[in-house]
Amino acid sequence: MTSYALFLGCTIPARQPNYELSARKALAKLGIKLVDLDNLTCCCPPPVQSVDLETSLAVAAYNICLAEEANLDLVTLCSGCFESLAMANVMLKSDGELKTKINGILGQAGKEFLGSKEVKHYLQVLMEDVGIDHLRKSVSKPLSGLKVAAFYGCHALRPSEHLKLDDPERPSILEKVIETLGAESVEYRNKLKCCGGLLRGYSDDLALELAREKLANTSKAGADCIATLCPFCFVALDIGQIQIRSQFNEAYDMPVLHYSELLALALGIDPEELELKTHKVKTDKVIGKIR
Amino acid sequence: MGSAKDEKSASLTFPNAVRSRLGGETISLCYQCGTCASSCPVAKITASFNPRELIKLSLLGEKDEVISGDAIWLCCSCYNCQERCPQKVEIADIMYALRNIAFKEGYIPDIYSEFASALLDDGRIVKVSRFMEKRRPSLGLPPLQPTGVDDLRKILSATGFDKLQKKDETS
């Protein structure tokens, strides 16, 4: 059994038990053991990088140190966590001067970054550890007839120089794992464009404008649902629809599911166990198609 | 007190200040082609944000206009610009460097100040409520492990991050 230290982050335990439950149950079913380490903190994603980039790197490195001490690679669910941790890991491994500087800071907390571990996105774990064939064989409830709009968001892919998940302009990993579940991945306009999630709270109008475009394009393409990877994209597109309805008088009624939720459903996990009531836009239409 | 002179020296030092910060190193490579602006989802929907323009203003030393303005906070950090820049200018990272300078000088939007305070408080930028924590067993989730907030505070103190926050609180 392959083991990983699970990096849960802040938003998922605070707001999205649907994400955590589906990911934990699906990965366990696929033979991946997740270990919950003590003392992990916020990863310091873009909102903290905006305050101080050097601090963010040091805190990300601190978290990687905890995984190094436990002799485990880290796996992330949230794309914000993936971006900040993978970026710190790659930057510090490749830049000795920066590593020395950050280790000077980490010394205050009794830590030293060694660079001995990997930070992985859970899609990489699916591809590399589980494997696409085993994944296909594990599907007991194929999502046949379900049209899914794959949405990568930004920080699973970019900055690609550090994240190396897939081609930042023509990625295919998410479509591949969607189709492995038996669903159809539908193409739509401006697929790789940002959902506006990080502008929420500073400029809600601009954020909603970007989310609205995403919802319009996926609706037009005939998608039954959008598949997300990031909790911020989920908020922007799911809760965002409630705000868009009141602000623009436009109702999309587009279910937004994390890919892990589609995965859990296809693996035969009972929808009742997945806390689907977390969703503001009902998922009934999607569940109905699967049953 | 010689404000014209101060302004002039600020205009010469600002590009250097950006360049010497983490994230800002590549700003001088920009030749203003505009690939960033044409790749930017935010620039498409508002005239208030244009990454090419912000870099130009920074290189011209227009520090006050750049760091006191709204524009630097309108970048959605999507990194499209950075992926496509033919000069390998790290535009999204430069936005962080500019925001970091703004933060240091006290230009701090409320939402970012909230994130920073939350981080100092309990090690997470989004607080997990007691209600959510208590619900976990009934949902079949393992207990949430404690955050290493004591270690974190040592790191935040070593980088001066905690003081950035204090300055905001007392201003």
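For this structure, a couple of remarks:
- Per residue, the convex hull spanned by the Cα atoms of region B:1-159 measures out at 168 cubic angstrom.
- Amide H contacts of A:Val148 (H built 1.01 Å from N, under 5 Å, at least 5 apart or other chain): A:Glu184, A:Ser185, A:Val186, A:Asp224
- Result for chain B in a Gaussian network model with C-alpha springs under 10 Å: among B:Gly34, B:Gly140, B:Gly24, the largest mean-square fluctuation is at B:Gly140.
- Ordering A:Leu106, A:Pro46, A:Ala58 by the projection of their Cα atoms onto the charge dipole of region A:2-122, which places +1 on the Cβ of Lys and Arg and -1 on the Cβ of Asp and Glu, puts A:Pro46 at the extreme positive end.
- Mean-square fluctuations from a GNM of chain A, with a 10 angstrom spring cutoff on Cα atoms, peak among A:Leu77, A:Leu163, A:Leu135 at A:Leu135.
- Chain A: relative contact order as a whole-number percent, Cα under 8 Å and 6+ apart: 20 percent
- For region B:110-170, the residue among B:Gly123, B:Ile111, B:Leu164 whose Cα projects farthest onto the positive side of the dipole built from Cβ charges is B:Gly123.
- Region A:2-122: C-alpha pair distances exceeding 25 Å, %: 19 percent
- Between the alpha-carbon centres of region B:71-99 and region A:195-211 there is a gap of 17 Å.
- For A:Lys99, net neighbour charge (Lys/Arg +1, Asp/Glu -1) across residues whose Cβ lies under 15 Å away: -1
- Taking the longest Cα principal axis of chain A as reference, the axis of helix A:96-106 is set at about 90 degrees.
- Placing +1 on each Lys and Arg Cβ and -1 on each Asp and Glu Cβ, with no other charges, gives chain A a dipole about its Cα centre of roughly 700 debye.
- Simple rule: put +1 on each Lys or Arg Cβ and -1 on each Asp or Glu Cβ in chain B, find the dipole, and look at B:Thr147, B:Gln87, B:Val42; the Cα lying farthest toward the positive end is B:Thr147.
- Degrees, to the nearest 10: A:231-248 long Cα axis against longest axis of chain A: 40 degrees
- Gaussian network model of chain A, springs between alpha carbon atoms under 10 Å - residue of A:Val235, A:Val51, A:Val256 with greatest fluctuation: A:Val51
- Cα-Cα over 22 Å, subset of A:Lys120/A:Lys164; A:Lys147/A:Lys191; A:Lys25/B:Lys134; A:Lys29/A:Lys147; B:Lys63/B:Lys154: A:Lys29/A:Lys147; B:Lys63/B:Lys154
- A simple spin-label model places the labels of A:Lys285 and A:Asp133 3.8 nm from each other, with each point 7 Å out along Cα-to-Cβ.
- Angle of helix A:79-94 to the longest C-alpha principal axis of chain A, folded into 0 to 90 degrees and rounded to 10: 30°.
Read-outs throughout are calculated quantities, based only on the coordinates presented, and are distinct from any laboratory measurement. Nothing here was measured: the structure is a model prediction, and the numbers come from that model. Methodologically, a virtual Cβ is constructed for each residue, glycine included, from the backbone with ideal geometry; neighbour enumeration extends over all protein chains shown.
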